[in-house]
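The values are calculated or read from the model by the stated rules, or taken from the named source; none is laboratory data. Fair warning: this is a prediction, and the values are worked out from it, not measured in the lab. Please note: Cβ atoms are built from the backbone with ideal geometry, for glycine as well, and neighbour counts cover all protein chains shown.
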Amino acid sequence: MSETTYAEIHRRLAGLANPAQAAFAQRFFKTGKGEYGEGDRFLGIRVPVIRAVVRAYPAPPLATVVKLLRSQWHEERLLAVLMLVRLYDKGGPAEREAVYRLYLDSLTFINNWDIVDSSASQIVGRHLAGRGRFPLLRMARSPHLWTRRVSVIATAHGIRHGHFDDILLLASRLLDDKEDLIHKAVGWMLREVGKRDRSVLEDFLDTHAARMPRTMLRYAIEKLPADRRQRYMKDKTRGLEEQAALREQLNTSSVPPSSPVPQFPSSPGLWTLDSGLLAPLAGALEGFAKLRFEAAVGGLVVASVGEGVGEA
């Protein structure tokens, strides 16, 4: 049955393909060499049409969903996760566990922001509610961009129910992430927190705004009053200036190349440094210690959405 159902769905989607829309999607989802969606292929089917196909197959076998999820076509993978969302929503405990496990086992194929944002909170976030955050923390450490995004978007389920600890912890740990798509996801989720409790968002920003990537910060403060937005952007600018000053201090306090090389005795005993080296070395160590202190105070050391397409 799964073979027949997959073939039927595949033919149905092929009949809905739109080459012009596919060409647009190739550009929109950044599929060029070196871009985040490199190599992805599109049929050119809009999301409302795909959702209609989901409704036409309310109970597909998991084997069929797996085939769709491993497809080369973006729309078939999107269809697969939307089917999983529906199966999770309608299933009992055993069925939900199976869907959750399949989702985690298939993260390699959940590989663009619309596929993640249409499913992560509805499956991962919902399944982990009340079960602990360890899987989210593990995913947030993944080298795989989309797995990290799943961990962030999954927190939307808790945010909708007034639980903010998970996103606050993940956000603090992803401040140094290099990917713009993570910055946007974290900023989006923080903005959702602020919609429900502005004081929680501002407490986080008071501690971390100066270190937050600019895109993350802009997304997070988007719904705040203008004066608060300006204040946090000034904090960010000041933080960048302080970091540049510290780097310059480290560079200028390093040991000059012309300084004499310390001579160590060949016989056992105490080693002594030429006194001419002590002053520049002390300056370098003082600058390094200050950098470590400022970094810790700035938040380097931290102890501790609705359905549909999100924000790229």
Any chance region 57-64 includes a residue that's in a helix (DSSP H, G or I), on the phi < 0 side of the Ramachandran plot and not β-branched (V, I, T)?
yes
Lone qualifier among S106, S119 - being among the hydroxyl-bearing types (S, T, Y), modelled with pLDDT of 95 or more and under 11 Å from V85 (Cα atoms):
S119
Check K67 against each of (1) over 20 Å from V150 (Cα atoms); (2) among the charged types (D, E, K, R); (3) touching an Asp or Glu at 6+ places or on another chain (Cβ under 9 Å); (4) not in a helix (DSSP H, G or I) and name the one condition it does not meet.
(4)
Mind checking which residues of region 130-172 are closer than 20 Å to D89 by Cβ, small (G, A, S) and at pLDDT 95 or above?
A154, A156, G158
Tally up the residues in region 146-188 that are under 14 Å from S121 (Cα atoms), assigned to a helix (DSSP H, G or I) and among the hydroxyl-bearing types (S, T, Y), please.
2
Return a yes/no flag: does region 6-23 have any residue that is loosely packed, with under 12 Cβ neighbours inside 10 Å, on the phi > 0 side of the Ramachandran plot and either touching a Leu at 6+ places or on another chain (Cβ under 6 Å) or not hydrophobic (A, V, I, L, M, F, W, C) (or both).
no
Please find, among R70, R51, the residue that is basic (K, R), more than 16 Å from R12 (Cβ to Cβ) and at pLDDT 95 or above.
R70
Can you name the number of the only condition in (1) modelled with pLDDT of 95 or more; (2) aliphatic (A, V, I, L, M); (3) farther than 30 Å from H127 by Cα that L246 fails?
(1)
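Results for (1) more than 29 Å from D197 (Cα to Cα); (2) surrounded by fewer than 19 Cβ atoms within 10 Å (Cβ to Cβ); (3) in contact with a Pro (Cβ under 8 Å, 6 or more places away or on another chain), shown as yes or no for each residue.
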{"site": "D105", "(1), (2), (3)": "yes, yes, no"}
{"site": "V116", "(1), (2), (3)": "no, no, no"}
{"site": "A120", "(1), (2), (3)": "no, no, no"}
{"site": "R160", "(1), (2), (3)": "no, yes, no"}
Residues in region 42-91 that are acidic (D, E) and surrounded by 21 or more Cβ atoms within 10 Å (Cβ to Cβ) total 2
